[in-house]
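Please treat every number below as a calculation from the coordinates, not as lab data. Owing to the predicted nature of the structure, the values given are computational and were not obtained by experimental measurement. Cβ sites come from the backbone with ideal geometry, for glycine too, and all protein chains shown count toward neighbours.
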Amino acid sequence: MTEQIDEHFLTQVQSWSRPFTIDPEPGREGVQRAEAVPPGLLLDLFEAQLLSRHLDFAARSLQARGEGFYTIGSSGHEPNAAVALALRPSDPALLHYRSGGFYCARAGQVPGTDAALDVLRSLTCSVDDPISGGRHKVFGHPELAIIPQTSTIASHLPRAVGMAFALEQRAPLGVTTPVPPDAVVVASLGDASVNHSTAVGALNAAGHIVHRGTPLPLLVVCEDNGIGISVRTPPGWTRHALQSLPGIRYLAASGADPAQCLTVAREAVEHVRTRRQPVVLHLTTVRLMGHAGSDVELAYRSRRQIDDDITADPLVATARVLHARGLRTAGQLVERYEQARQHVADTVERLLPTARLDSAEAVMRPLTERSTARVRAESAVFAADRPAAFRGKLPEDAGPLTLAQSINAALTDLMAAHRDVLVFGEDVGVKGGVYGVTRGLRTRFGARRVFDTLLDEQTILGTALGSALAGFLPVPEIQYLAYLHNAEDQLRGEAATLRFFSNGQFGNGMLVRVQGLAYQKGFGGHFHNDNSLAVLRDIPGIVVAVPSSAAEAPGLVRALAALARCESRVCVLVEPIALYHTRDLRPADGAWAAPYLPPQHWGTDRAEVGHGTLHDALDETGTDVLVVTFGNGVPMSLRAVAAAQERAASQGRSAPRASVYDLRWLAPLPVDDLLEQARHADRVLVVDETRRTGGVSEGVVATLVDGGYGGRISRVTSRDSIIPLGPAAATVLLSENEIVDALLGGAG
């Protein structure tokens, strides 16, 4: 197929023995438009398109040689270079994987960058790839303001909307970033992706923002080639879908008309930049060379359809305009085409052989790099005017607090110390959260920093992704753990991968608060009592913590925020709803409330990754059994140890001496600390409120086995069940009696 496309261009251009007029088929307006475009702009467009085309050819050739590993190309989509030429190289871009023309055009705007070298290094997985360091073929470059995306099926659009929204909040809040104040955020996607729920949700959120009168400098480019892999898009559907978007201006251009592409792209960018309102640019293209190198188009397309697309080659269209305007002769066009081919070929030979990542440590470095000293120091930062933030009533002077109150105080401290912290989600603003955890924050810090979002978890997380790139530290709230599953790919596919695919050059540090886990009384069902954490624990690089009490929460909040800020870490705090307002461990003892530890006392509670908390359940020395647990399991286990002692005494036997170890950190697990604590115990009982299959206990048991622990290991968990409504929930959730039975069952 590459040969046919190559031959078509050369044959067409070589047939132009003398200048001819521009095809007036679009009407005189089209002719005037072509004549009005500056010659230099047309030449820049052609240069970017040429380079992108020959890089696509090289991708196929490299694969055949066993040196290239990615063949999804941009051939037929090269008109997107017109969008780059209409923008500034400082405008943040999140690109579709067929936006090669855009990348080449933008690289041409920045002295010292070489698009051919960049893309070829990426194709060959070279460690010198300027964006991913050899981890994946992506379009990205920090000096070009291109934020890398991989295999984007519209999953980057919520981030783009979030970034455009957040850029407009910087000036009022005094937050600065290298992105210019009048920047435009651009995101490109294919026509098939327009139908994805992620795109629909993001575009709906954009319209909703505009409807509220909030600025949103966003340009969405739909590169419409009429087919998604092998499935045809119904004619007219994409135009209809994009034209009907409320609050978003629709513009269209044909890739077969380079002058129109340049003119309409400039109009779109000017509208977004000056009015701070979104535009969707519907760019009609063709797809040449199939979906990827392994794709056999004749299996689902006719030869006539394939030939028609080749006839509509946009590279030929741009060459035709240059020739018609007398800017280049046919011979000059062919010469420049061959020079581009040779430049790419020479670059390939200069690159090979290339060094590639050769160890797990090297591959994982962006995920494992730590800044422990910086994180510890950042955790202790506090506002000089703390009393003003708390209205003169400091939380450490208020007596013992509940878990909800301590989280609220920690968030207040965080927001007082850092003006770039944003708290947002469903009901967090005026209401102060369903459980009152964010109560008073909006009054203290204002509606720009504490605000309610759409009832859409994808939009919430997309806002976090984008605002992190805009220079903020976002603290989004997911109202219930079960609702996280509606948008988990925003964490899995977008947030947690950014450092990996940018070799640590881009980051979206955030602290996601998730209200979850089970044991709520008189309320619930599976959506409000979800006990599944597997979706979070298997995401590489993510940090997940669960506070079990008011004593633990402030340190965890500060540590997670510091990790997000200093390491661009994606952090999740799962807050046990059932413990929010709990004050008592046992009736009326007040033991589960705790005094607030202010940030300047960092270090006394060791609330950092890798350290759990040991609770001595009995006032005896030595431990027969170490109970390893977290969250609701901590107070349950403490009560169970006492109950086991009472039951054993009533039966005339002794209960095992026990200590309760609160993991606190579920990803990564505090491996070394856990093994050290287990070393002093004859056996370990893992108490896990999550499910038996895929639950936390599996990771704990594996850690103990891998670490060479020689004692007996057992576990008690909740059942592998969806949690029902009402009293029936107790039949599938782990109970304290089961913990007691497990403790006594292992006694000698």
Query - Alpha-carbon Debye profile of region 37-352, log10 I(q)/I(0) at 0.15 Å⁻¹ - result: -1.24
**Report entry** Degrees between helix 403-417 axis and first principal axis of the chain (Cα, 0 to 90, nearest 10)
**Finding:** 50 degrees
**Report entry** Förster radius 60 Å - calculated FRET efficiency between ASP589 and ALA292 (Cβ-Cβ, nearest 0.05)
**Finding:** 0.40
Query - Options GLY207, MET163, LEU45, ranked by Cα towards positive dipole end of region 37-352, top entry (Cβ charges) - result: GLY207
**Report entry** Efficiency of FRET between ARG356 and ALA702 - r from beta-carbon atoms, R0 30 angstrom, step 0.05
**Finding:** 0.45
Query raised in the report: What number, in percent, do you get for the relative contact order of region 91-246 if the mean sequence gap of Cα pairs under 8 Å and at least 6 apart is divided by its residue count?
Result: 23 percent
Report task. Go from 0 up to the bin containing the longest alpha carbon distance in region 78-143, width 5 Å each, and give me the % of pairs per bin. Result -> 4, 20, 30, 27, 15, 5, 0
Query raised in the report: Remind me, relative contact order of region 613-745 in percent, using alpha carbon pairs under 8 angstrom and six or more residues apart?
Result: 30 percent
Report task. Would you mind checking region 645-663 for residues with the amide N under 12 Å from a putative spin-label position 7 Å along Cα→C-beta of ARG712? Result -> 656
Query - Estimated inter-spin distance, ARG212 and LEU725, nm [label 7 Å along Cα→Cβ] - result: 3.1 nm
Requested in this report: Provide, in order from the shortest bin, the percent of all Cα-Cα pairs of region 613-745 in each 5 Å bin, continuing until the bin that contains the maximum pair distance.
Outcome: 2, 11, 21, 23, 20, 12, 7, 3, 0
Query - Residue-wise HN-Hα coupling along region 228-240, computed from phi with Karplus coefficients 6.51, -1.76, 1.60 (Hz; x: Gly, Pro) - result: x, 6, 10, 9, 5, 7, x, x, x, 5, 4, 4, 4
Report summary line: Scalar couplings 3J(HN,Hα) for region 51-57 by Karplus 6.51 cos²θ - 1.76 cosθ + 1.60 (θ = phi - 60°), nearest whole Hz, x for Gly and Pro, are 5, 4, 5, 6, 5, 5, 4
**Report entry** Estimated dipole of region 365-601 in Debye, rounded to 20 [Cβ of Lys and Arg +1, of Asp and Glu -1, Cα centre]
**Finding:** 580 debye
Report task. Excluding VAL628 itself, calculate the net charge of residues whose Cβ lies under 10 Å from the Cβ of VAL628, where each Lys or Arg counts +1 and each Asp or Glu counts -1. Result -> -1
Report summary line: In nm, the gap between the two label points placed 7 Å beyond Cα toward Cβ at GLU738 and ALA345 is 6.9 nm
Requested in this report: Identify, among GLY392, ALA551, GLY436, the residue whose Cα sits farthest towards the positive end of the charge dipole of the chain, taking +1 on the Cβ of Lys and Arg and -1 on the Cβ of Asp and Glu, with the dipole about the Cα centre.
Outcome: GLY392
Requested in this report: Within the chain, what's the longest run with no GluC sites (Glu not before Pro) in a DSSP loop and at most 14 other beta-carbon atoms within 10 Å? Give the range, please.
Outcome: 1-368
Query raised in the report: Considering only DSSP beta bridges with both partners in the chain, what is the antiparallel share in %, to the nearest 5?
Result: 15 percent
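For the chain, what is the convex hull volume of the alpha-carbon atoms per residue, in Å³?
In the chain, the Cα convex hull volume per residue is 169 Å³.
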Report summary line: Treating only Lys and Arg (+1) and Asp and Glu (-1) as charged, each at its beta carbon, one finds that the chain has a dipole about its Cα centre, in Debye to the nearest 20, of 1220 debye
Query - Cα centroid of region 633-668 to Cα centroid of region 345-423, whole Å - result: 34 Å
Report task. Check the straight Cα-Cα distances from LYS393 and name the aspartates and glutamates below 15 Å, setting aside those fewer than 8 residues away within the same chain. Result -> ASP385, ASP413
Query raised in the report: What is the sum of charges around ARG499, taking Lys and Arg as +1, Asp and Glu as -1, for the other residues whose C-beta is under 11 Å from the C-beta of ARG499?
Result: +1
**Report entry** Stretchable slack from ALA388 to ASP616, in nm (0.36 nm times residue separation minus alpha-carbon distance)
**Finding:** 78.2 nm
Requested in this report: Can you tell me the 0 to 90 degree angle between the C-alpha axis of helix 314-324 and the longest principal axis of the chain, rounded to 10?
Outcome: 40 degrees
Report summary line: Projected convex hull area of region 562-601, Cα atoms, direction-averaged, in nm², equals 4.3 nm²
Requested in this report: Count charges around GLY590 for me, please; just the other residues with Cβ under 13 Å from its Cβ, Lys/Arg as +1, Asp/Glu as -1.
Outcome: 0
Report task. Have a look at the DSSP beta bridges in region 37-352 and tell me what percent are antiparallel, nearest 5. Result -> 10 percent
**Report entry** Normalised contact order of the chain, rounded percent, pairs of Cα under 8 Å and 6 or more residues apart
**Finding:** 12 percent
Query raised in the report: How much length, in nm to one decimal, is gained on full extension between VAL430 and THR311, taken as 0.36 nm per residue of separation minus their Cα-Cα distance?
Result: 37.0 nm
**Report entry** Cα convex hull volume per residue for region 174-235 (Å³)
**Finding:** 126 Å³
Report task. Give the shape of region 223-366 as rounded, prolate or oblate, defined through the alpha-carbon gyration tensor: a ≥ b ≥ c are the square roots of its eigenvalues, a/c under 1.5 means rounded, and otherwise the shape is prolate if a/b is larger than b/c and oblate if not. Result -> rounded
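Provide the FRET efficiency to the nearest 0.05 for the THR11-ARG239 pair, computing r from the beta carbons and using R0 = 45 Å.
0.85
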Query raised in the report: Expressed as an acute angle from 0 to 90° and rounded to the nearest 10, what is the orientation of the C-alpha long axis of helix 157-167 relative to the principal long axis of the chain?
Result: 80 degrees
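Give me the number: length gained by fully extending ARG639 to ALA534, i.e. 0.36 nm times residue separation minus the C-alpha to C-alpha distance, one decimal in nm. All intermediate terms of the calculation are to be shown ahead of the outcome.
Details: separation 105, 0.36 × 105 = 37.80 nm, distance 2.67 nm.
Roughly 35.1 nm would be gained on extension.
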Report summary line: Taking a crude spin-label model, label points 7 Å out from Cα along the C-beta direction, the SER230 to TYR250 distance in nm is 3.1 nm
